[in-house]
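The values are calculated or read from the model by the stated rules, or taken from the named source; none is laboratory data. If you're wondering where the values come from, they're calculated on a predicted model, not measured in any experiment. Reconstructed Cβ throughout: ideal geometry from the backbone, glycine too, with neighbour counts over all protein chains shown. All accessible areas refer to the heavy atoms of the entire protein, side chains included, with ligands and DNA or RNA removed. Shrake-Rupley method; radii C 1.70, N 1.55, O 1.52, S 1.80 Å.
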Amino acid sequence: MTGQKIDGTTVANSVKDLVRASVAELKKEGVEPCLATILVGDNPASSSYVTSKQKDCADVGIATKDHRLPQEFTQLELDSLINLLNNDKTVHGILVQLPLPKLLDEFSTISRISPIKDVDGLTPYNVGLLASGRAILKPCTPLGIMELFDYYNIGLSGKNVIIINRSNLVGKPLYHLLLEKNATVTTCHSKTKNIKDQCLNADIVVTAVGDRTRFILTADMIREDAVVIDVGTSRINDKIVGDVDYENVIKKASYVTPVPGGVGPMTRAMLLKNTVTAASISKGFVTNR
Ligand code: GUN
C-alpha cells in the first residue's frame with residue numbers, strides 16, 4: 001500500500017478562500033488590510049519570495065507596501081523605517097524578509113517590529129506568548145504544518161514527533177504548537193547522534209534541513225505508516241527538491257508532503273491569514289483567550 005500525498009496547494013487554496021472572505025468583511029468595516037514588506041539587498045531567492053508574497057496578497061485583496069532597499073542600507077535607516085511602519089495606521093502587518101545582510105542585526109531588527117503587526121510571529125513578545133500557549137500571531141511555516149495535520153485528520157495527541165530543525169522560523173515554534181496538542185516532541189539538529197534511530201521511533205517526522213548534500217530522509221529511516229512532513233528546499237539543476245526521497249518514502253509512509261506543493265503554499269497562505277488577523281487586532285476584533 002502506498003501512502004497519500006498531502007496536497008498543500010489544495011489546502012492553501014481553501015485557506016485563501018477564507019482569507020478572501022475575511023478581507024471582504026474587514027473592508028465593509030472600513031479596514032483595508034495592508035502588509036508592508038521590507039527586503040534589504042539583492043538576494044535573488046529572497047527577492048522572488050517577496051514578489052510571491054506581494055502577488056498572494058493581491059490575489060486575496062490585501063494591499064501591500066513594497067520596500068526594497070540597497071545592500072548598504074544602515075541599521076539606523078532600517079530602524080527608522082520600522083518605526084515609521086509601526087506608527088502607520090494604514091499598515092497592519094510588517095514582514096522583514098530574512099536573512100538580512102551580515103552587517104545588520106536580525107534580532108534587534110525583528111524586536112523593533114510592533115508585536116501586533118508581527119505577521120511572522122518572530123518578535124520576542126510573540127515568541128513568549130507562543131511558549132505560554134497564548135500567541136495570536138504565530139510563525140507561518142509551523143502554522144501551515146498544523147493546518148495540514150488538521151485538514152487530513154492526523155491525530156497528534158500522544159504521538160512521537162521528531163523535528164529535524166531548531167531554527168526560530170520552523171523548529172522551535174513548531175515544537176510549542178505540537179506540545180500544545182499533546183504530542184511528545186523531540187528536536188534534532190546537526191549535532192544529534194543517531195538521527196535514524198530517532199526517526200524510526202517517530203510516528204511523525206518533520207524535516208527542514210534544506211541541503212541534500214548533508215541530509216536526505218530515506219525510506220529505511222522511517223517506520224511503516226509514519227507521517228512525513230518535508231519543509232526542506234534545495235535547488236538541484238534548477239529544480240526545487242525537498243529533504244525527502246519522496247518516490248521511495250511514499251511507498252512506506254501513510255502521508256507525505258511533496259516539494260514543491262506541500263508546506264510551501266501553506267506558509268504563503270498563513271502569511272495572508274496572519275495579515276488579516278493583524279488587521280482584525282487593529283480594530284480590537286481578536287483576543288487570545
Ligand atoms: N526567510 C525565509 N522564510 C522566511 C519567513 O517565513 N519569514 C521571513 N521574514 N523571512 C523568511
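Within region 56-97, work out how many residues are open to solvent by 40 Å² or more (accessible area, probe 1.4 Å) and within 16 Å of the ligand (Cβ to nearest atom). Number of matching residues: 5.
Across region 1-44, the qualifying residues are those that are in contact (Cβ under 8 Å) with a residue 12 or more places away in the chain and acidic (Asp, Glu), and the one among them that is least open to solvent (accessible area, probe 1.4 Å) is ASP7. Out of all the residues in region 244-252, is one or more out of contact with any helix residue (DSSP H, G or I) (no Cβ under 8 Å at 6 or more places or on another chain) and either assigned to a loop (DSSP other than H, G, I, E, B) or closer than 27 Å to ALA131 by Cβ (or both)? No, the conditions are met nowhere in region 244-252.
Residues in region 199-249 that are over 23 Å from LYS172 (Cβ atoms) and within 18 Å of the chain's Cα centre (by Cα): ILE240, VAL241.
Suppose we filter region 189-206 for residues that are part of a strand (DSSP E or B) and either in contact with a helix residue (DSSP H, G or I) (Cβ under 6 Å, 6 or more places away or on another chain) or at pLDDT below 95 (or both); how many remain?
1
State yes or no: is VAL209 among the hydrophobic types (A, V, I, L, M, F, W, C), open to solvent by less than 80 Å² (accessible area, probe 1.4 Å) and assigned to a loop (DSSP other than H, G, I, E, B)? Here the answer is yes, as VAL209 does meet what is asked. Within region 111-151, the set of residues being open to solvent by 10 Å² or more (accessible area, probe 1.4 Å) and part of a loop (DSSP other than H, G, I, E, B) comprises SER114, ASP120, LEU122, SER132, GLY133, ARG134, ALA135, ILE136, LYS138.
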